[in-house]
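Asks: Quick one: this structure, given as structure tokens, is what I'll be asking you about.
A short reminder: the numbers here are calculations on the coordinates, not readings from a lab. Model, not experiment: these values are computed from the prediction. Backbone-built Cβ (ideal geometry, glycine too); neighbour counts: all protein chains shown.
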Amino acid sequence: MLKFYNSILLLLCAIFIISCGFIDLRPIGISLEMSDEIVVLKNDVQMFAPFLTSPVSDNKEYFLTDMYTPVILKFDTQMIKNDTETNLQINSDLGSVQGDKHWNENDLYFTPISGWTAGIRYTLSFLGTIRSVDGREMRVEHFISFFAINKNNQPLLVSYSPSNGASINTNNVVMEFNFSESMERYSVETALSLDGIGNKNFEWLDDDKSLKVIIDKPISPWLYYRWSLKESAKSKDGIPLIKTYNGYFTTDLDKTLPHVTNVYPVLYSDGSWYPTGADIETGLQQGQGIAVSFNKAMGENVIRSLRFEPSLTGRTELLSDNSIVFIFTRNPESEISHTLIVSGETKDSEGFKIGTDYQITFVPDIPFLKINSILFNDSTIVENFDSVNSAIPITVDKALGKLWLSIRFSLPFNNEEKKNAPLKITINPFFPKTLPPVAVESVNWISNDRLYIRWEGFSPDDENISNYYILTIPGGKNGVISDTGIFIKQDITLYLEAVK
């Protein structure tokens, strides 16, 4: 009977074994290859519960020699790939590392897409439940630290200027950044952003531990300027900054607005311009310029700040850092009121604008060109033309029919105007209409202000009728003009009676 029960028990065990299959309790063997080193990842396996394995952490730090050296997980059996890949993560202070995962037989390769960064501590975590193709499961929990390329110190931004929130001027701005390590220049220059600032120059000092950023042009006043130095800036060892740095400064150190303090006539002498002491409203004289002074040093656009209504020709030059002078190409017209305008867009050296146009009206104290006297045939002289109310008798030889004029002007003439003036002065027959025309025989400038002209073809009067001629010296802009551009106010017309 006992034998019968033993047989039944053996039969039941056989049926159980056949129905359930063989239970494989062997742990999955794992190793990690870091460059030339192999780390064996061990697990204490409990016989009936392999998924409750106790994690074993390796405190050693490992080192990858190249930026694209792969991390390799090696298994002693074929694994279910997707599940295994999901459990592998690599992180650093910069965040999760994106990498390419691929298999070579039973080995899982992890290669960073952007390469490893030098000097950064990475942590590999292999955490979760892994499964082999043959049906085994194992709970893993491993954390391995490693570095790539080198383990040198991460660079720090030790100091910078202007300091955060500092008030500065807008001219000659120089920013300075000081680092704890020698830096790779290009990475720093491209990682540095300066909002609202255009052209700038970089100057490296102290074995590339100090960077000066020189701003080419004045920046705008009363603004916040922000800067950022991204962590992509690297040391010469290829190690990035420990973090991104940010800062700002304001251009509000100078709070004084510019304005015009004076406008006055100036006289050029011995290579310099000197105030005449007269006021601009009525004191501007021939050959003088107009100076404009401001309450502070001005910017370069002050040269283009002046205009006149009506327009006047000339150029503007700097007198000093806070004053300019307008130099006339030709003298303003006499008795014409002009308005000098300083543009409201004019800026001082800090970039502050005047704000509104400054205006001042003036009438130049510049006399018209005058004729002091006219001498006819060395005998008759006329000086006060306003008092001439009748024809001027001039003696003409009937046989020669010649007339000499000597005209004395109030201002000198240059060579060009000496040529033009005689061509504008005319004598024409007036009465009777049958008189033949007269012509210029010769012209001679006795001095810079004295013109001598000889005419021919005059006819003296006879017993029954008088012969009259008109002498015209034209005025206005198209008339006779001196070398300083000053003209006669209006035409001078004299009637001449030719007598024997």
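Asks: So, counting K/R as plus one and D/E as minus one, what does the shell of residues with Cβ under 12 Å around Asp397 add up to?
Replies: +2
Asks: In whole Hz, with x marking every Gly and Pro, tabulate ³J(HN,Hα) for the range 79-89 from phi via Karplus 6.51 cos²θ - 1.76 cosθ + 1.60, θ = phi - 60°.
Replies: Coupling constants for the range 79-89: 9, 6, 5, 4, 5, 5, 4, 4, 7, 9, 9 Hz.
Asks: A further question follows. If I model a spin label at Ile242 and Gln78 as a point 7 Å from the Cα along the Cα→Cβ vector, what separation in nanometres do I get?
Replies: It is 5.1 nm.
Asks: Right, something else. Along the Cα-to-C-beta direction of Tyr495, a point sits 7 Å from the Cα; which residues of the range 403-444 have their amide N less than 17 Å from that point?
Replies: Label zone hits: 427-435.
Asks: Roughly what angle does helix 2-20 make with the longest principal axis of the chain, taking Cα atoms, 0 to 90 degrees, to the nearest 10?
Replies: 10
Asks: Right, another one. Taking the alpha-carbon distance from Lys489 and a cut-off under 26 Å, which lysines remain once sequence neighbours fewer than 8 residues away in the same chain are dropped?
Replies: Lys370, Lys418, Lys419, Lys424, Lys477
Asks: Tally Lys/Arg at +1 and Asp/Glu at -1 over every other residue whose Cβ is under 15 Å from the Cβ of Tyr468; what's the total?
Replies: -1
Asks: Just to confirm the number: angle between the C-alpha axis of helix 415-424 and the first principal axis of the chain, 0 to 90 degrees, nearest 10?
Replies: 50
Asks: Related question: Pulled fully out, how much extra length does the chain show between Glu456 and Ile392, if you take 0.36 nm times their separation in residues and subtract their Cα-Cα distance?
Replies: Between Glu456 and Ile392, full extension yields an extra 21.3 nm.
Asks: Determine, at each q value in 0.10, 0.13, 0.14 (inverse angstroms), the log₁₀ of I(q)/I(0) that the Debye formula gives when each Cα of the chain is one equal point scatterer.
Replies: Ignoring solvent entirely, the Cα scatterers give -0.94, -1.16, -1.23.
Asks: Exposed loop chymotrypsin sites (Phe, Trp or Tyr not before Pro) only (DSSP loop, at most 11 other Cβ atoms within 10 Å): please give the longest stretch of the chain free of them, not including the sites.
Replies: Maximal segment without exposed cleavage sites: 49-500.
Asks: Let me ask something additional. With θ set to phi - 60° and the Karplus curve 6.51 cos²θ - 1.76 cosθ + 1.60, what are the ³J(HN,Hα) couplings of the range 322-329 in order, to the nearest whole Hz, using x for Gly and Pro?
Replies: Each residue's phi maps through the Karplus curve to give 10, 8, 9, 9, 9, 10, 6, 6 Hz.
Asks: Give a residue-ordered list of calculated ³J(HN,Hα) values for the range 311-321 (Karplus: 6.51 cos²θ - 1.76 cosθ + 1.60, θ = phi - 60°; whole Hz; x for Gly, Pro).
Replies: Couplings: 5, 10, 9, x, 9, 10, 10, 6, 8, 7, 5 Hz.
Asks: I want the local charge near Tyr264. Using Cβ-Cβ distances under 15 Å, sum +1 for each Lys or Arg and -1 for each Asp or Glu among the other residues.
Replies: Net charge around Tyr264: -3.
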